[in-house]
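Note sheet for the following structure.
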Amino acid sequence: NLLALAQKACEKVIVDWGGDRGEITHLYWGTMTGAMQSPTIDIHLTQRLGLHYDVQRTSIEGMGCLTGFRLMNLARSEVINNPKSRVLVIEADLRSAIGNSLPPNAERSDIVSACLFRDAASAVIMGSC
């Protein structure tokens, strides 16, 4: 499911980062395919990852391929303006949730689209040097 996929990416980036998850000040979450959940996935991630209850959360949904770029731009602005900020950025999508099937008379563009867009998640922790 989308939450498990996102959590796995977050756990990996936290280990790779090597910092204390208590230092994470912000969680920026984005998806194109998982917008209909209550409570929202950013709340679930905050709890499952053991982040502080007062971590500042931002959720962006429905921006398609630009979601990750938008989240990273917001994180960049945050760390420039507050060098002590540590922003966990996570974007995840379950393309299989909206269908990966090809139309009966599939054309090349249909095949390329089905191959490019799959279930995936990625995460990064952004901070000032």
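The values are calculated or read from the model by the stated rules, or taken from the named source; none is laboratory data. Remember, predicted model here, so these are calculated numbers, not experimental data. Cβ placement follows ideal geometry from the backbone for every residue including glycine, while neighbour counts extend to all protein chains displayed. What goes into the accessible areas is simple: the full protein's heavy atoms, side chains included, and nothing from ligands, DNA or RNA. Shrake-Rupley method; radii C 1.70, N 1.55, O 1.52, S 1.80 Å.
Details
- Some residue of region 2-10 being open to solvent by less than 40 Å² (accessible area, probe 1.4 Å) and touching an Asp or Glu at 6+ places or on another chain (Cβ under 7 Å): no
- Every pair of residues 6+ apart whose Cβ atoms lie under 7 Å, when the first sits in region 42-68 and is exposed (fewer than 15 other Cβ atoms within 10 Å of the Cβ) while the second is not aliphatic (A, V, I, L, M): Gly50/Arg21; His52/Gly22; Gln56/Thr25; Gln56/His26
- Criterion violated by Val89 - all others in (1) in a loop (DSSP other than H, G, I, E, B); (2) within 18 Å of Arg21 (Cβ to Cβ); (3) open to solvent by less than 70 Å² (accessible area, probe 1.4 Å) satisfied: (1)
- Qualifying residue in region 93-105 (condition: under 22 Å from Cys129 (Cβ atoms), in a loop (DSSP other than H, G, I, E, B) and out of contact with any Phe, Trp or Tyr (no Cβ under 8 Å at 6 or more places or on another chain)): no
- Checking each residue of region 109-117 against the condition of being of a type in the set (Asp, Glu), over 17 Å from Gln7 (Cα atoms), assigned to a helix (DSSP H, G or I) and at pLDDT below 95 gives at least one match.
- Single unsatisfied condition, Val15 versus (1) assigned to a helix (DSSP H, G or I); (2) under 11 Å from Ile125 (Cα atoms); (3) in contact with a strand residue (DSSP E or B) (Cβ under 7 Å, 6 or more places away or on another chain): (3)
- Members of region 11-41 that are open to solvent by 50 Å² or more (accessible area, probe 1.4 Å), small (Gly, Ala, Ser) and modelled with pLDDT of 95 or more: Gly18
- Sub-8 Å Cβ pairs linking a first residue in region 107-129 that is within 30 Å of Arg21 (Cα to Cα) to a second residue that is assigned to a loop (DSSP other than H, G, I, E, B) and not polar (S, T, N, Q), at least 6 apart or interchain, are Asp119/Leu94; Ile125/Gly19; Ile125/Ile24; Gly127/Pro83; Ser128/Pro83; Ser128/Lys84, ordered by first then second residue.
- Which listed residue, of Leu102, Leu94, is open to solvent by 60 Å² or more (accessible area, probe 1.4 Å), farther than 21 Å from Ile125 by Cα, in contact with an Asp or Glu (Cβ under 6 Å, 6 or more places away or on another chain) and of a type in the set (A, V, I, L, M, F, W, C): Leu102
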